[in-house]
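Below is one structure, written out as structure tokens; comments come after it.
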Amino acid sequence: MAGQAKKRWFLIILAVFIAVTMTACGAGKKETTLKIEPPDPYTGAGMQLLQQGRYEEAAREFAWSLERNPKNTRALVGMGLAKIYGGDAEAAFEFLEKGCRYAKNDQEKLFCEVGRIRLDTLAKRDRNWFAESRNAFAEAVRIDPRSSDAHYYMGLAYRDSLNFDEASKMFREVIDINDSHVREAERELDQIREVQRAMATTKTGRKIALSNHVSRGDCAALIIEEMKLGKRLNRQAAPDGRQAGGAAKPGKQAAVHTAKDIADHPFRVHIEDVLRLGVKGLEKYPDGTFRPEEYLNRETYAVIMEDLMEKLGGWLSKASRRSCASNTTK
């Protein structure tokens, strides 16, 4: 029993950390209901640069387009996207609203609504962001029920709201339409399957599982929230008066288990718990920092996993012995 539980915990944490990206062949291409005309060269170049993550260059292309036509809906919405990726949400929505005012045909209105889904999902300005994204999606599919863009970006909205079932439906629809974002949708589906297989039960665990990389701070949060390592180990004190995992009992003189650079980190408490438990591979650096944003490499991950399994193995073994002793006395 202890061995099975130990193996299950290992598989859970292993699955959370591993992201698999695969591609698959889609079905035959289907016609969309709305024929999309190509944008002007500057706007088209700007959209390509956005996809490449070259946001300043994209903004330059959109600016050149707007010099020629200040009412160009696509260029205005594109500029909004460049601004949101650059961190200026206020300017992003100003460009979006201006572009939507100038939309004069279904193509431009669809482009505007898809842009609204993207901006709402990226900015998350308030608790209504998801409802606003969903409203924009409803309007987009009213214009074109088989818009790949609308389904893909609404899939990302569902994913960010941690509604993986609906996100999967959206990504499968993108693959079925087989127009654009097919490979991206396939990758998103694979990642969602990994999250679901990992059985992440906490909101923090599901969010971290969606990331392409796991930082030291993320790892601390997973260990404390998903594995509940502290709660499991601290249920039993060792004979020398210390808590399992190496931490001193309350009232004992002990070093402060904190680091110089985590005061404002969202996972500060988790990091302090990991430091208190003495997890190998997640110790403080010699300069007293923890470096929570630093990505884990394979070597460090292996050290962490070995130490966690040793700690959990000891806990499970003691729990098993207690259970056996209890059953014997009865």
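Read-outs: derived from the displayed coordinates by stated rules, not from any lab. Here the structure is a predicted model, which means the values were calculated and not measured. Note: ideal-geometry Cβ built from the backbone for every residue, glycine included; neighbour counts use all protein chains shown.
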Legend entry - Straight-distance crosslink candidates among aspartates and glutamates, where the alpha carbon sits under 19 Å from LYS284 and sequence neighbours closer than 8 are dropped: ASP218, ASP261, ASP264, GLU272, ASP273, GLU293, GLU294, GLU299, GLU306, ASP307
Inset, instruction - Fewest Cβ neighbours within 10 Å first, please rank PHE137, PHE111 accordingly. - result: PHE137, PHE111
Legend entry - Greater than 24 Å apart at Cα, pairs in LYS260/LYS280; LYS83/LYS169; LYS83/LYS109; LYS71/LYS169: LYS83/LYS169; LYS71/LYS169
Legend entry - From phi via Karplus (6.51, -1.76, 1.60), per-residue ³J(HN,Hα) for the stretch 68-76 in Hz, x at Gly/Pro: 7, 8, x, 9, 6, 4, 5, 5, 5
Inset, instruction - Enumerate the calculated ³J(HN,Hα) couplings along the stretch 285-298 in order (Karplus 6.51 cos²θ - 1.76 cosθ + 1.60, θ = phi - 60°), each rounded to whole Hz, writing x wherever the residue is Gly or Pro. - result: 6, x, 7, x, 9, 9, 6, x, 8, 6, 6, 7, 9, 5
Legend entry - Amide hydrogen neighbours beyond the local backbone of ASP144, cut-off 5 Å, H modeled: none
Legend entry - Where labels lie 7 Å past Cα in the beta-carbon direction, separation of VAL303 and ALA89 in nm: 3.8 nm
